[in-house]
1. In this structure, does L4 turn out to be buried (at least 17 other Cβ atoms within 10 Å of the Cβ) and either among the hydrophobic types (A, V, I, L, M, F, W, C) or outside any helix (DSSP H, G or I) (or both)?
2. With respect to I176, determine if the residue is in contact with a helix residue (DSSP H, G or I) (Cβ under 9 Å, 6 or more places away or on another chain), modelled with pLDDT of 90 or more, of a type in the set (V, I, T) and open to solvent by 80 Å² or more (accessible area, probe 1.4 Å).
3. Does W30 fit the bill of being in contact with a helix residue (DSSP H, G or I) (Cβ under 6 Å, 6 or more places away or on another chain) and open to solvent by 30 Å² or more (accessible area, probe 1.4 Å)?
4. Conditions: (1) at pLDDT 90 or above; (2) over 23 Å from the mean Cα position of the chain (by Cα); (3) surrounded by 18 or more Cβ atoms within 10 Å (Cβ to Cβ). P197 meets all but one. Number of the miss?
5. For segment 141-155, does any single residue satisfy the condition of being part of a helix (DSSP H, G or I), over 23 Å from L237 (Cβ atoms) and charged (D, E, K, R)?
6. Would you point out which residue out of L136, L220 is of a type outside the set (V, I, T) and surrounded by 14 or more Cβ atoms within 10 Å (Cβ to Cβ)?
7. Taking into account only those residues within segment 11-27 that are basic (K, R) and in a loop (DSSP other than H, G, I, E, B), which is surrounded by the most Cβ atoms within 10 Å (Cβ to Cβ)?
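The values are calculated or read from the model by the stated rules, or taken from the named source; none is laboratory data. Just so you know, these numbers come straight off a predicted model, no measurement behind them. As a convention, Cβ positions derive from the backbone with ideal geometry for all residues, glycine included, and neighbour counts pool all protein chains shown. For accessibility, only protein heavy atoms count, side chains too; no ligands or nucleic acids. Shrake-Rupley method; radii C 1.70, N 1.55, O 1.52, S 1.80 Å.
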Amino acid sequence: MASLIHCFAIPASIEIGQRNKGYNKGLFTWLIKAPWGNPAFAAFFISLAIFGFIGGASGVIMGIEQINMRLHNTLAVPGHFHGTVAAGTSLAFMGLTYYVVPLIFRREWLSKFFAVIQPYLFGIGLTIMAISMNTLGRLGVPRRTWETGFLNVPNKEILEMFVGIGGIIAFTGLIIFVLHTVLTLIFGKKLQGSDKPTFPQVAEPSTSKAPISGTLVLALTFFVYLVVMVSINWYWLSRVWEIR
């Protein structure tokens, strides 16, 4: 429940700010019109979605003792970690860096293009990687095992290929982030005096009230998703020792 409240509070603050800017039509116009070209916002929101739907949900499921007996020491465990630590945490701090570098080091980012695409590369790559790992783990593929060819797991090679593809995409996003940050600190245009960075744009805080109906739908959707995933995993557990 604490995580569900967290999932509700942060998007609600975004919805209030967006609706105060005039994006009031329908349930999700505020989200569609969000500043997706702002790497700080994009990194934050993508990390929140991955943390909830992949890392958080899988963590709740593996926290159930009976289900964990089936998933323990399988690839579902690093799949969970990549949804929480790698995506949910690291990507959020990457987004924070896009604000911190211009404010503290007084440097403009070298390339708006690389800044914008980097969170999407990192997030999409880790999503593919984490989902593939979670699926392989639920099919019985162990972790920390260098050879799994002896296992009779359907579509194992295809899923392992997607783990590699996701890893390559995510690593590309990581390399872009590191190189772009270092080069910006060295060669980025210096900000003078009280000059404010032009990119990424920092929104002014709002104290006005606005409806949060869209966030309520998103939070309830996540809750239903979590219930469905827990139920499916209980069903899979029931098939391990089937009573005939």
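1. Judged against the criteria, L4 is not a match.
2. No: the conditions fail for I176.
3. No; evaluated as a whole, the condition is false for this residue.
4. Failing condition for P197: (1).
5. No, there is no match, as no residue in segment 141-155 is part of a helix (DSSP H, G or I), over 23 Å from L237 (Cβ atoms) and charged (D, E, K, R).
6. Result of the check over L136, L220: L136.
7. If we take residues in segment 11-27 being basic (K, R) and in a loop (DSSP other than H, G, I, E, B), then K21 is surrounded by the most Cβ atoms within 10 Å (Cβ to Cβ).
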